[in-house]
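Input: a single structure, listed below in structure tokens.
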Amino acid sequence: QVQLVESGGGLVQPGGSLRLSCKASGNIFSIDAMNWFRQAPGQQRELVAGITSSRITAYAHSVEGRFTISTDNAKNTVYLQMDSLKPEDTAIYYCNVDLRISRDTPRGTHWGQGTQVTVSS
């Protein structure tokens, strides 16, 4: 079993900052990539940022320059530092991890439960 536990969401004013965390635990052999998605009401879930095991990062155009993804590999934890937040960043943010539970099993995708981020004055 693999568990992803997210934290750090909340209410923040426009221009403010938040830092999301997601810790993966359980039966983990290796992690290939860790990602953050978000879903706003009435919209499809979208990729916000991703980072590979070799620390290659990618960002959605809408957050580039404002959000930073990073990892602590020793703790199997991914972070999303969100600065200069805008009302349009309001959404539920989901952690997503591509990992293997053993050397011989194919890579699988796991999701966190989501954490609400609300940007409002």
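The values are calculated or read from the model by the stated rules, or taken from the named source; none is laboratory data. Nothing here was measured: the structure is a model prediction, and the numbers come from that model. When we count neighbours, we look across all protein chains shown, and the Cβ atoms used for this are built from the backbone with ideal geometry, even at glycine. The area values use the complete protein model at the heavy-atom level, side chains included, leaving out ligands, DNA and RNA. Shrake-Rupley method; radii C 1.70, N 1.55, O 1.52, S 1.80 Å.
Kindly indicate whether residue 85 is assigned to a loop (DSSP other than H, G, I, E, B), surrounded by 12 or more Cβ atoms within 10 Å (Cβ to Cβ) and in contact (Cβ under 8 Å) with a residue 60 or more places away in the chain.
Judged against the criteria, residue 85 is a match.
Being free of Cβ contacts under 8 Å to residues at least 40 places away in the same chain and touching a helix residue (DSSP H, G or I) at 6+ places or on another chain (Cβ under 8 Å) is the filter here, so list the residues in the range 16-44 that pass it.
none
What number of residues within the range 27-45 satisfy the criterion of being among the polar types (S, T, N, Q), out of contact with any Lys or Arg (no Cβ under 9 Å at 6 or more places or on another chain) and part of a strand (DSSP E or B)?
Qualifying residue count for the region: 1.
With the structure loaded, tell me whether residue 48 is touching a helix residue (DSSP H, G or I) at 6+ places or on another chain (Cβ under 7 Å), more than 21 Å from residue 2 (Cα to Cα) and outside any loop (DSSP other than H, G, I, E, B) or whether it fails that test.
No, not satisfied.
For the range 18-26, does any single residue satisfy the condition of being open to solvent by 30 Å² or more (accessible area, probe 1.4 Å) and part of a loop (DSSP other than H, G, I, E, B)?
no
Out of the range 88-117, which residues are of a type outside the set (Phe, Trp, Tyr), open to solvent by 40 Å² or more (accessible area, probe 1.4 Å) and in a strand (DSSP E or B)?
92, 100, 109, 110, 116
Which one is surrounded by the most Cβ atoms within 10 Å (Cβ to Cβ) among residues in the range 60-82 that are of a type in the set (A, V, I, L, M, F, W, C) and at pLDDT 95 or above?
It comes out as 78.
Tell me which residues, restricted to the range 1-15, are open to solvent by 40 Å² or more (accessible area, probe 1.4 Å) and in contact (Cβ under 8 Å) with a residue 24 or more places away in the chain.
Residues satisfying the conditions are 1, 5, 7, 11, 13, 14, 15.
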